[in-house]
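In what follows, a single structure is set out as structure tokens and then discussed.
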Amino acid sequence: MRRFLSLLLAVLLAGFLLAPLQGQAAEEAEFDGYLVRLSDAGERNGLMLLGADGWEEVTDGLYLVEDLETARAMDQLGLAAYYEPNYRLELLEGDYTTAQWNLLAGNAQAAWDHTDSAGSHDARGDGVTVAVIDSGVYAAHPDFNQANLLDCCNLAGTAGGVDGWHGTFVAGVIAAQVGNGIGVDGVTPDVTILPICITKSGLSTTSLLVEAIDYAVEQDVDVINLSIGGKTSSLAMEEACRKALDAGIILVAAAGNYKAGEAKSSGTYMYPASFDGVVSVSACRQDGTDVVFDDSYSYFNDQVTVSAPGTAVQSLDPDGGVSTQNGTSFAAPVVTAMAAMAKQRSHSITPEAFGQLLTSTAADLGEAGYDICYGHGLADIAAFMDALDREYSVTYDLGGPDAAFGADTRVPVSYTLSGSDIPLPEPVRPGYRFLGWY
């Protein structure tokens, strides 16, 4: 059977060499091979893969193949749900610049100082795991709490699991220790960081990013930071993001950076930032006492969710020191830390609920209301914390025909987001199905 299927594949390859690349527009983006998502028929006839050279499994049902002809033949056989180029991705860093104004502008002190009724810090990310899918994290940096750094998942096979400074810098914005006199201050110093290295010599691909997101889902992380991306959309990447969102994981991504001399347009998008459900973060700079959108490099489009400081940001380097950098890569982790704050209050908070809290508390800058540069506004940690602390009244019908609750029902008058969810009784009414409190 295996030999027959392999022979059949070889015959079909010869016949499909001149067929157009189905579903793919002409792209200038560089790529390495092709991603093939098996159809149901492909899953049932998986023996074909065992008899074909050059196949590499990325995740369940998704394979990387080197040549177009094989991918095309699988599609023609009905064994592929789709196939697409395995696009190269880039870390979204800007040019180097020559101090922690970003945390002052975002009001990070509101999170550092916040305590619960027992006097314990409840907004520093304790008990929350953030996956940093990037170039690896230098765990030995003295400004990290090594106990809160999980072992690196080195998908790229990079020596030592650290490929340059980028991932360490991103993780430092999120989790550097506060007030220790070393390095810089992170927004949520008590979070647990899961480093996932997907770059080698600064390069990565769609397949590695998909594998990394799936791994983060398997590890049951709470938040994923994605300061990486490419200009070309990918079905495989979108599927991976949707899987993570459906698992309740908040995804935060850098909106994208223009290179020097590159034409700028509101019709330019970066992925995964521009997928629905992913929080896309553009970058701002300091202008005197004001915070303004940095149009020198930051992407702007109708998928931007919020903005955050991204220019002249200080954070940690793999040499054990500190440097200053520009990029939407370093605006995104501020919002990632805010997601960790929300997850510390309630691990069950959904990506949608977090998005509503984030956008409703952002400081409106630029045009009134939503705009393509700032999104819903500048991320404001102080206002966000106020929203987490806000009490919400709940009204119940405790009697009458088809009563929702029994006469002895006891319910809270109000509630706030907390680490332990308040068990609310479910109303019962003939002919109706209760979908949940909101």
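May I ask you to compute the full-extension gain from LEU203 to ASP113, defined as 0.36 nm times their residue separation minus their alpha-carbon distance, rounded to one decimal in nm? Spell out each step's value before the answer.
On the way: separation 90, 0.36 × 90 = 32.40 nm, distance 3.91 nm.
Fully extending the segment from LEU203 to ASP113 adds 28.5 nm.
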For 205-214, 347-356, 119-128, ranked highest to lowest by mean beta-carbon neighbours within 10 Å, the order is 205-214, 119-128, 347-356
The lysines whose Cα lies under 29 Å from the Cα of LYS200, excluding any fewer than 8 residues away in the same chain, are LYS231, LYS243, LYS259, LYS264
Dividing the mean separation of Cα pairs under 8 Å (6+ apart) by the residue count of region 169-292 yields a relative contact order in percent of 18 percent
Taking 0.36 nm per residue of separation between LEU104 and ALA140 and subtracting their Cα-Cα distance, the length gained on full extension comes to 10.3 nm
Between ASP302 and ALA29, Cβ-based FRET efficiency (R0 25 Å, step 0.05) works out to 0.75
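Sort 311-320, 282-291, 359-368 for me by packing, meaning the mean count of neighbouring Cβ atoms within 10 Å per residue, highest on top. Each step should come with its number before you reach the end.
Details: 311-320: 21.5, 282-291: 18.5, 359-368: 15.7.
The peptides rank, most packed first, as 311-320, 282-291, 359-368.
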The local net charge around ASN154, scoring Lys/Arg +1 and Asp/Glu -1 for residues other than ASN154 whose Cβ lies under 13 Å from its Cβ, equals -3
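Ordered by packing density, taken as the mean number of other Cβ atoms within 10 Å over each peptide's residues, highest first, how do 321-330, 165-174 rank?
On the way: 321-330: 23.4, 165-174: 28.9.
Highest-to-lowest ranking by the protection proxy: 165-174, 321-330.
Any chance you could list the semi-axes, whole Å, largest first, of the equivalent ellipsoid that the Cα gyration tensor gives for region 66-144, using √(5λ)? Present the calculation step by step, with values, prior to reporting the outcome.
On the way: eigenvalues 415, 83, 35 Å².
For region 66-144, the ellipsoid semi-axes come out as 46, 20, 13 Å.
Explain nothing, just the number: dipole magnitude of region 187-234 about its Cα centre with +1 on each Lys and Arg Cβ and -1 on each Asp and Glu Cβ, in debye rounded to the nearest 20.
Values: 2 positive and 6 negative charges, 80 e Å.
Taking the Cα centre of region 187-234 as origin, the dipole is about 380 debye.
No value in this document is a laboratory result; all are computed from the given coordinates. Values in this document were obtained by computation on a predicted structure and should not be read as measured data. Because the Cβ atoms are built from the backbone with ideal geometry, glycine has one as well, and the counts that use them run over all protein chains shown.
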